[in-house]
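**Q** The structure's right below; bear with me while I get my questions together.
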Amino acid sequence: MMKKKYRDLIQETENDPRYKGYQKMYLASGNLEGYSMEEVGFMHISLFENQCPIQFKGNITEEEFEKISMIKILKFFWQYLQDNGPVKLTPKGNMPDEVINAIYKKAGLIIPCSHCGDDMKPEEGLSIIPVMSAVAISQCFNQTFVKNNYLHLSDSKPELLTGNASLYKYSFLAFVFGLNWQCLDGFGNREIGPYAIGFMLMLLSKFGDKFRSENFYSEKYFKTFPHLIDCIKTMPHIKKAADDNHLFSVASICYNSRVFGRFLEGFGLIECEEMENETYDVLIRKSELFDKLITVIPPMGKEDLAD
C-alpha cells in the first residue's frame with residue numbers, strides 16, 4: 001500500500017516546477033545510483049515522508065536506544081536542567097565547562113581532551129559540539145529557551161517526543177534541518193552535510209556492508225551535487241587560484257567531519273575505524289542499528305515497487 005502511494009507521489013511531481021531546478025543542480029552525468037531526479041529531490045526536502053525513498057523504521061530495543069550517544073547526551077542534558085534549574089551561559093552563549101563535563105560523565109561518554117596527563121582539560125571545540133547540538137535540537141522542539149543569558153527547560157514536553165522511536169526520528173530531523181552546520185567547524189558553509197542527507201543514507205544502505213574509506217562516499221556525494229564544491233571557493237582561507245583537486249579535498253574534509261564524525265556516528269548509524277597510515281584514513285560501514293532504523297526503497301520501477 002505504501003509503495004503504491006510512493007509511486008503515485010513520485011509521478012505527480014513530474015511537472016512540478018519546484019523540482020525542475022534539480023535537473024540543473026544535479027550532475028548532468030547522472031550519478032544518481034538509478035534514482036530519478038524527483039526521487040533524489042525527495043531525499044533532500046522530504047526525508048522520511050511518504051514520498052521519500054528513505055523511510056524511518058525505528059525498530060530498536062530500549063537497550064539499543066540507550067547506547068546511542070546523541071540521544072544519551074540529549075536526555076541527560078534535559079535531566080540536568082530539570083535537576084539543577086536554569087544554566088547561566090558563557091558570554092559567548094555556550095554551556096559552561098562544568099555543565100558539559102557533568103553531562104558527559106552522566107552519559108558515560110569520554111570527554112574529548114586537548115592533551116593528556118594529570119591536568120587534562122576538555123577540548124572546547126570538540127566537547128561543546130554534541131551539547132551544543134542537544135541545545136539546538138531542544139530549541140527546535142521548544143523544549144528549552146534562553147532568557148537573560150540563562151538556559152531554561154520548558155514546562156511541557158511535545159507529544160512528538162513521546163516514545164524512543166519518535167524521539168530519535170525528530171531529533172535526527174532537527175539535527176539535519178534545524179542545526180546550523182556551519183557551527184560544527186570552521187569551514188563556514190551551511191549546506192555541505194545536511195544537503196540531501198537522504199542520498200548519503202541511500203549510499204550507506206547500498207555500499208555499507210563492509211568497511212570503505214569515507215572518501216568513497218564523499219566522492220559519490222560531490223559527483224552528484226558538484227555545486228556544493230563551488231561553495232568552497234567563497235571561504236576566506238581558499239586562494240582564488242585553487243585548482244579543482246584542492247577544492248574537492250577541502251570539501252571532502254568538511255563533509256566527512258560533519259556527516260560521519262559529528263552526525264551519523266553520534267546517531268549510531270555507522271561504525272568507524274581509523275587506519276594507521278600517513279593519511280589517517282577513516283573507514284566506515286553501517287552499524288547493526290542502521291537497518292533497524294532506516295529502510296531504503298529501490299528506485300521507482302524496480303522489482304520491489306511492482307504493484
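**Q** Ranking Ser154, Ser138 by Cβ neighbours within 10 Å, fewest first, what do you get?
**A** Exposure proxy ranking, most exposed first: Ser154, Ser138.
**Q** Let me ask something else about it. Sorted by average packing, counted as other Cβ atoms within 10 angstrom per residue and highest first, what order do 165-174, 69-78, 211-220 take?
**A** Descending packing order for the listed peptides: 69-78, 165-174, 211-220.
**Q** What does the highest-first list of 287-294, 244-251 look like by mean Cβ count within 10 Å?
**A** 287-294, 244-251
**Q** Which FRET efficiency value, to the nearest 0.05, is calculated for Ile253 and Gln82 with the Förster distance at 45 angstrom and r the Cβ-Cβ distance?
**A** With R0 = 45 Å, the Cβ-Cβ based efficiency is 0.70.
**Q** Points 7 angstrom from Cα along the Cβ direction at Asn245 and Phe216: gap in nanometres?
**A** 2.3 nm
**Q** Given a Förster distance of 25 Å, report the FRET efficiency between Asp209 and Thr61 from their Cβ-Cβ distance, rounded to the nearest 0.05.
**A** It comes to 0.70.
**Q** To continue, here is another question. Separation between the Ile45 and Ser156 pseudo-spin-labels, each 7 Å from Cα along Cα→Cβ, expressed in nm?
**A** Once both label points are built, they end up 3.1 nm from each other.
**Q** Just list whichever of Lys147/Lys169; Lys92/Lys147; Lys67/Lys286 have alpha carbons separated by over 24 Å in the model shown.
**A** Going by Cα-Cα distance, Lys147/Lys169 fall outside the 24 Å limit.
**Q** Sort 179-188, 252-261, 85-94 by the packing proxy (mean of other Cβ within 10 Å over each peptide's residues), most packed first.
**A** 252-261, 179-188, 85-94
Read-outs: derived from the displayed coordinates by stated rules, not from any lab. On a predicted model such as this, the values are computed, not experimentally measured, just so you know. Don't worry about glycine lacking a Cβ; one is built from the backbone with ideal geometry, like all the others, and counts go over all protein chains shown.
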